[in-house]
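**Q** Handing you a structure now.
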Amino acid sequence: MAELADRSLPPATTRWWSVSRARAGGWLLLLLHYAAIALAFRLIMFGNPVVHVDEQFYLLVADQWRHGALPFVDVWDRKPIGLFMLYRLFLAVPGDPVFVYQLFGLAATAATALVVQRLARAIAPDGSAWLAGIVYIFAMPAFSCSFGQAPVFYNLLMALAAWQLIAVWKRPEAPHLIARGLVVMALVGLALQIKYSVLFEGVAFGALLLARGWADLWRWRRLAWASLAWSGAALLPTVLAFVSYAAIGHGREFIQANFLSILQRLPDGSASWWRLGTQMLALTPFWLALLVAPRWLAMPAPRDPVALPVLRAWALAAIGGYLLFGTWYDHYVAPMLVPLSVLAAPVLARTAARERWFGRLLLLSSAIGGLAVMGIQFRNHGTAKQFDAMTALIQREMHGGCFYMFDGEPWLYHSVGACIPTRYAFATHLNTWTEAPAIGVDPADEVARIMRTRPDVVLIGEWQDIYLPNRVTRALMKDVLTRDYERYSGFVLGTHHFGLYRLKRAR
């Protein structure tokens with residue numbers, strides 16, 4: 001039937017259709033290939049609900065939202081609403097929500113690897129470009145982005161925006177530049193609603209679009225109008241989110257959570273500098289491939305040399321955003337991995353014996369780093385079996401009241417199935433001093449209010465090296481638990497020891 005349809009079309013259209021169909025088939029095959037590699041590489045963690053505390057919390061917020069709790073109002077966090085909307089979409093798919101969100105994360109990772117491969121083909125041979133996608137798949141778990149961290153999803157949008165940007169950048173007097181620039185910045189705008197930290201890359205993309213217009217000898221007025229249009233496209237999703245909250249009387253809560261809280265959070269001093277140093281060290285194979293290899297090796301000429309400055313500008317923007325944002329948690333490295341993987345592609349398929357080690361080091365270190373970090377997470381956070389046993393232990397002492405988790409894994413709130421006595425379900429918002437001035441209330445007042453509601457069961461950490469504790473809220477918890485509760489069990493989840501307390505009842 002397809003052949004008959006082709007014969008009914010004009011020859012030029014038939015050729016275009018055949019080429020497009022073959023190209024789409026090739027891309028689909030490559031996407032499935034990358035997806036299979038990503039799944040096999042992460043198999044040790046697949047289905048585990050305690051992969052990472054952030055991913056659990058995003059899923060919890062989406063689940064609470066589905067049952068009527070409004071993000072920022074009834075359940076608090078500073079991530080954009082778009083991220084929680086994404087997780088709500090995952091919950092619309094039948095099946096175990098943990099498996100579902102992880103499958104979507106794998107799909108996003110594979111799709112991003114495919115775009116990495118397409119971008120890398122502009123500056124490297126096909127074999128190198130293919131390996132660049134593999135490097136991206138391996139490197140993401142090395143920085144705690146195995147399944148559902150925010151960069152897993154917004155990296156895809158930014159990679160697609162860069163792909164479109166390069167397409168218009170390399171064509172002088174590119175037709176429909178304003179319209180295609182709107183596509184680029186709309187993708188940036190969607191990414192902003194997954195994590196605001198892509199602002200730095202978005203500004204760079206906008207500047208490159210304006211530079212293209214300047215090179216095409218646009219008049220100042222046209223540049224100004226284009227700048228307004230492109231900025232508007234990038235900001236539109238965020239403006240719509242704010243307007244939606246303001247319309248229902250919660251604009252103030254939206255602004256506090258989305259924009260003010262990040263400025264009010266306290267730095268954690270030497271710990272953040274230690275993270276910065278270790279992460280820069282972990283990226284050494286990339287630095288060698290990008291900064292040292294070109295000085296030692298005769299690099300192949302890029303197929304499309306015009307793409308190179310755009311890719312470099314993107315990488316510098318991602319690195320600059322990482323450095324300027326501060327705190328430097330490991331998953332903040334992830335936005336850098338897309339442009340770095342693309343730019344490192346030329347060293348990945350070298351054939352001379354003395355040249356191979358750059359590419360091999362990058363590929364092997366990414367794989368070893370990814371496996372090592374997943375292994376550490378598996379050891380530290382625990383297994384699905386442990387998580388289920390802990391859930392059962394808590395449920396045994398529930399008597400229709402609420403469960404309060406002062407320390408622990410957010411998905412426990414879902415698995416226990418009891419009411420949550422606070423809008424601050426992410427434990428570190430109330431138990432660390434760095435968050436104390438940033439959540440919109442006094443943490444001590446909130447913890448005191450929670451405990452006055454007399455939750456049936458309270459979970460608290462009993463390990464010694466608690467990260468930057470809020471000593472006021474922790475002391476308050478100790479006093480209330482001593483007076484009104486009894487410790488009925490301990491539990492080890494991964495490497496963390498917890499105490500389980502039940503409300504004292506009349507005998």
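**Q** What list of whole percents do you get for P(r) of the range 86-188, with Cα-Cα distances grouped in 10 Å bins up to the one holding the largest distance?
**A** Histogramming the range 86-188 at 10 Å steps yields 15, 36, 32, 15, 2, 0 percent.
**Q** Still on this structure, I have one more. Find the eigenvalues of the gyration tensor of the Cα atoms of the range 283-346, then list the square roots of 5 times those eigenvalues as equivalent ellipsoid semi-axes, largest first, in whole angstrom.
**A** That gives 23, 14, 9 Å for the three semi-axes.
**Q** Report the label-to-label distance for LEU316 and ALA224 in nanometres (one decimal), using points 7 Å from each Cα along the Cα→Cβ vector.
**A** 2.8 nm
**Q** Tell me, in nm to one decimal, what length is gained between PHE46 and LYS170 on full extension, where the rule is 0.36 nm per residue of separation less the Cα-Cα distance?
**A** 40.5 nm
**Q** Count charges around ILE255 for me, please; just the other residues with Cβ under 15 Å from its Cβ, Lys/Arg as +1, Asp/Glu as -1.
**A** +1
**Q** Could you list which residues have their amide H under 5 Å from that of SER489, counting only those 5 or more apart in sequence or on another chain, with H placed in the peptide plane?
**A** LEU500
**Q** Kindly identify the chain as rounded, prolate or oblate by the Cα gyration tensor criterion: order the square roots of the eigenvalues as a ≥ b ≥ c, call it rounded if a/c is under 1.5, otherwise compare a/b with b/c, prolate if a/b is larger, else oblate.
**A** Taking the square roots of the gyration eigenvalues as a ≥ b ≥ c, the chain is prolate.
**Q** How high is the relative contact order of the chain? Use alpha-carbon pairs under 8 Å, at least six apart in sequence, and give a whole percent.
**A** 19 percent
**Q** Which of rounded, prolate or oblate describes the range 349-470 when judged by the alpha-carbon gyration tensor and an a/c cut-off of 1.5?
**A** prolate
**Q** Could you state the number of Å between the C-alpha centres of the range 467-507 and the range 34-65?
**A** 28 Å
**Q** Also: Hey, what do the phi angles of the range 24-29 turn into as Karplus ³J(HN,Hα) couplings, whole Hz, using 6.51/-1.76/1.60 and θ = phi - 60°, x for Gly and Pro?
**A** Karplus-based 3J(HN,Hα) across the range 24-29 equals 4, x, x, 5, 4, 4 Hz.
**Q** Taking only DSSP H segments of four or more residues, each worth -39500 (n - 2.57), what value at 222 nm results for the chain once the sum is divided by all its residues, to the nearest 500 deg cm²/dmol?
**A** Value at 222 nm, helices only: -20000 deg cm²/dmol.
**Q** Extending each Cα 7 Å along its Cβ direction at SER270 and TRP357, get the distance between those two points in nm, one decimal.
**A** 3.6 nm
**Q** Using label points projected 7 Å from each Cα along Cα→Cβ, tell me how many nm separate LEU260 and ALA389, to one decimal.
**A** Roughly 4.6 nm, to one decimal.
**Q** Nearest 0.05, what FRET efficiency do MET280 and ARG396 give at R0 = 51 Å with Cβ-Cβ as r?
**A** 0.60
**Q** Under the Karplus relation 6.51 cos²θ - 1.76 cosθ + 1.60, θ = phi - 60°, what is the ordered set of whole-Hz ³J(HN,Hα) values for the range 331-344, x standing for Gly and Pro?
**A** So the J values, rounded to whole Hz, are 6, 6, 6, 3, x, 6, 5, 5, x, 5, 5, 5, 5, 7.
**Q** Every cysteine in the chain with no other Cys Cβ under 4.7 Å from its Cβ, please list them in numeric order.
**A** CYS145
**Q** Once each part is reduced to its C-alpha centroid, what is the distance from the range 205-273 to the range 340-416 in angstrom?
**A** 31 Å
**Q** Continuing with the same structure: Give the long-range amide H neighbours of VAL306: residues separated by 5 or more places, or on another chain, with amide H under 5 Å away, using H modelled in the peptide plane at 1.01 Å from N.
**A** none
**Q** Shape verdict for the range 213-324, please, from the Cα gyration tensor: rounded (a/c under 1.5), prolate (a/b greater than b/c) or oblate.
**A** It is oblate, given that a/c is not under 1.5 and a/b is not larger than b/c.
**Q** Give me the extension gain from HIS33 to PHE378: residue separation times 0.36 nm, minus the current Cα-Cα distance, reported in nm with one decimal.
**A** 121.6 nm
**Q** Okay, moving on. Mind ordering 447-458, 132-143, 380-391 by average Cβ neighbours within 10 Å, highest first?
**A** 132-143, 447-458, 380-391
The numbers here are math on the coordinates, done by the rules we state, and not lab data. Every value quoted in this text rests on a predicted model; they were computed, and no experiment measured them. Don't worry about glycine lacking a Cβ; one is built from the backbone with ideal geometry, like all the others, and counts go over all protein chains shown.
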